[in-house]
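Colleague: Can you keep this structure in mind? I'll have questions shortly.
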Amino acid sequence: MFDRTNLQVLANHARAAAENMAHTLHRTAHSAFVKETQDFTVMLMDRAGATFAVPMELGATWYPGLSYHRAIAMVDDYRPGDVAFTNDPYSGHVATHAPDTHLWKPVFVDGEIVAWTGGHIHNTDMGGA
């Protein structure tokens, strides 16, 4: 069991990791939606797909409350190095329209999934009509 101090230290470390993820994405992105409007987010999720750490100030602020559980369950077998992607608004999982791209990746420890990393980017050039 964690006391309040240790829990706050862990929460700050998790938030710092998410802030680092966001900084890296922002710095390396080619999309104007990421570079200019910050219409993206990144997150750390628990084993069930519930978000527990996000950067504080980004354009896509409602995604951090979203559970990725159903999206994660779309893939039967995850292996180290796998990254899953969806932009399917008809699945009812995470995307609201085709330009909403979502990615998630399992974090393994000793061959077992212990957490997930994820992200969302809004992008305009998705093809289609």
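Colleague: From the Cα trace of the chain, what convex hull volume per residue do you get, rounded to a whole Å³? The partial results should precede the final answer.
Modeller: Working: hull volume 16.2 nm³, N = 129.
So the per-residue Cα hull volume is 125 Å³.
Colleague: Under a 10 Å cutoff between Cα atoms, tell me which one of Ala18, Ala48, Ala32 has the largest fluctuation in the Gaussian network model of the chain.
Modeller: Ala32
Colleague: Taking the Cα of Asp82, stepping 7 Å toward and past its beta carbon, and measuring to each backbone N in the stretch 96-116: which are under 20 Å?
Modeller: What the label zone holds, given the 20 Å backbone N cut-off, is 102-116.
Colleague: Nearest 500 deg cm²/dmol is fine: what mean residue ellipticity at 222 nm does the chain get from its DSSP H runs of n ≥ 4 alone, each adding -39,500 (n - 2.57), divided by its residue count?
Modeller: -8000 deg cm²/dmol
Read the figures in this text as sums done on the coordinates, not as results from a lab. Keep in mind it's a predicted model, so treat the numbers as computed, not measured. Cβ sites come from the backbone with ideal geometry, for glycine too, and all protein chains shown count toward neighbours.
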